[in-house]
Amino acid sequence: MMAMVSRFGGQIMLKARFLERENRFTALVELEGKQVRAHVANSGRLRELLRPENEVYLLERNEPHRVTKYDLALVNYNGQLVSVDARVPNKVVAAAVSAGQLADFSQFTLARSEVRYGNSRLDLLLEDERSNRCFVEVKSVTLVENGIAMFPDAPTQRGARHLEELTAAVREGYQAAIIFLIQRDDAILFTPNDRTDPDFGQKLRAAGGSGVGVYAYRCRVTPEVIVITEKVPVKLSGI
């Protein structure tokens, strides 16, 4: 399965060297011999990826009122590029659905993004030709151990709340799904990370048992594109 591509807005990636994560959303990197700060658009721990001396790729951002001039987009992890920007997956999935390139959602078209439901804002609202609705939440996955992709890599009350909202949508007669987009290409299985957040794992299993669709896809990542390449089996019982 080949799905939609995200081209990072056609920008050229800048190669840099990771130094340290100063706080949750700011990294210090070395770019062309100078230390600069880059925005990390990911609330996960990323401990296995953001290590001193690791090669990273930046996108230059010139918007006014930004604290940092760069976004940290990719990490070179043992010769493999991993996308760490948690804003990318819902864009990739939305584009893939719009192009009819995800077989699991082929009957749907994208109605809109960032839709309010209950007490949350969910990533996508899909509709079929009969106006049946499907609410979709997309999660960014970067943690892979021995081929096993896991989410989350830090406790997430927000993620648990999204699962409750998706479950409520099913109870009210809608369709609902959660998609785990693995932003790297070495995963052969997905499972909830009960070791890090058992509450999320429990709520994911409950949601799946209540009719919420649970899907995982892996990607090929390059400095130019992100391509959804394969559907990955999901094991809700953990490992």
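Of the chain, which part is the longest with no trypsin sites (Lys or Arg not before Pro) in a loop (DSSP not H, G, I, E, B) and with at most 14 other C-beta atoms within 10 angstrom? In the chain, the maximal stretch lacking such sites is 131-194.
Name the shape class, rounded, prolate or oblate, that the alpha-carbon gyration tensor gives for the stretch 187-239, where a ≥ b ≥ c are the square roots of its eigenvalues, rounded holds for a/c under 1.5, and otherwise prolate holds if a/b is larger than b/c and oblate otherwise. Write down the numbers at each step before the final one.
Values: a/c = 2.65, a/b = 1.96, b/c = 1.35.
It comes out prolate by the Cα gyration axes.
So, R0 is 25 Å and r is the distance between the beta-carbons of residue 98 and residue 25; what FRET efficiency does that work out to, to 0.05? In this case the efficiency is close to 0.25. Taking 19 Å as the straight-line reach from the Cα of residue 203, the aspartates and glutamates in range (excluding those fewer than 8 positions away in the same chain) are 123, 137, 153, 164, 165, 172, 194. Centre-to-centre, using Cα atoms only, the stretch 180-239 and the stretch 97-121 are separated by 18 Å. Restricting the GluC sites (Glu not before Pro) of the stretch 160-235 to loop positions (DSSP other than H, G, I, E, B) with no more than 16 neighbouring Cβ atoms within 10 Å leaves 172, 224.
Could you check what % of the DSSP bridge pairs in the chain are antiparallel, to the nearest 5? Could the numbers behind the result be given before it?
Values: 45 of 66 bridges.
In the chain, DSSP labels about 70 percent of beta bridges as antiparallel.
By the helix-only formula, in which each DSSP H run with n ≥ 4 contributes -39500 (n - 2.57) and the sum is divided by residues, the chain has a 222 nm mean residue ellipticity of -5000 deg cm²/dmol. For the stretch 88-231, what class follows from the C-alpha gyration tensor (a ≥ b ≥ c being the square roots of its eigenvalues): rounded when a/c is under 1.5, otherwise prolate if a/b is larger than b/c, else oblate? Cα axes put the stretch 88-231 in the oblate bin. Against the longest alpha carbon principal axis of the chain, how many degrees, from 0 to 90 and to the nearest 10, is the axis of helix 88-98 turned? Compared with the principal axis, the helix lies near 50 degrees. One decimal place: the segment residue 41-residue 17 gains 6.9 nm when fully extended, by the rule 0.36 nm per residue minus the C-alpha distance. Normalised by the number of residues in the chain, the average gap of Cα pairs under 8 Å and 6 or more apart makes the relative contact order 18 percent.
If you sort the three axes of the alpha carbon gyration tensor as a ≥ b ≥ c, you get a/c of 1.5 or more for the stretch 19-154 and a/b above b/c, which makes it prolate. For the pair the stretch 135-162 / the stretch 30-83, the C-alpha centres are spaced 20 Å from each other.
So what is the relative contact order for the stretch 1-126, in percent, with contacts set as C-alpha pairs under 8 Å and at least six apart?
Numbers: 223 pairs, mean separation 26.2, N = 126.
Relative contact order for the stretch 1-126 comes out at 21 percent.
Bear in mind these aren't lab numbers, they're just calculated from the coordinates by the rules spelled out. Being a predicted model, the structure only gives us computed values, none of them experimental. Cβ atoms come from the backbone with ideal geometry, glycine included; neighbour counts cover every protein chain shown.
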